[in-house]
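Throughout, read-outs are computed from the coordinates displayed, never taken from laboratory work. Nothing here was measured: the structure is a model prediction, and the numbers come from that model. Every residue, glycine as well, gets a Cβ built from its backbone with ideal geometry; the counts of neighbours run over all protein chains shown.
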């Protein structure tokens, strides 16, 4: 593996390497843009757990993603964009007031 060029790594391995490089200096603020795209399910769960741990340990995280289940699991405040424009911004608890409402359902309600 050490003799292999990173250009030859799989997409998932490149993504994990990028995340690792971003964490090397122990940032107080971390921007993650779709960190689980192209990742297998085991690596995805490891990444999501690492994000939770970073946040519990005080790292502020700006998480951008299309997987609403991930956003709903990880984020306290949510901004939904459509075509580059803010549709709604607020605390997750406020936005998802109905017991059965999911972030994905809210998204569809807002863009229709």
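Things worth noting here:
- Potential lengthening of the chain between residue 22 and residue 3 amounts to 4.6 nm, from the contour at 0.36 nm per residue minus the alpha-carbon distance.
- Available extension along the chain between residue 112 and residue 73 is 11.6 nm, counting 0.36 nm per residue and deducting the alpha carbon span.
- Each Cα pair under 8 Å and six or more residues apart adds its sequence gap; the mean of these over the residue count of the chain is a relative contact order of 19 percent.
- Taking 7 Å steps out from each Cα toward its Cβ at residue 87 and residue 101 produces label points 1.3 nm apart.
- Per residue, the chain reaches -12500 deg cm²/dmol at 222 nm when only DSSP H runs of four or more residues are counted, each adding -39500 (n - 2.57).
- Neighbour counts of C-beta atoms inside 10 Å place 69, 8 in the sequence 8, 69, starting with the fewest.
- With the simple spin-label model, which puts each label point 7 Å out from Cα in the Cβ direction, the residue 29 to residue 14 separation comes to 2.8 nm.
- Residue order for 72, 104, 112, fewest other beta carbons within 10 angstrom first, comes to 112, 104, 72.
- Where (i) 0.95; (ii) 0.99; (iii) 1.02 are the candidate values, the label of the one calculated here for Rg/Rh (Cα atoms, Kirkwood Rh) is (iii).
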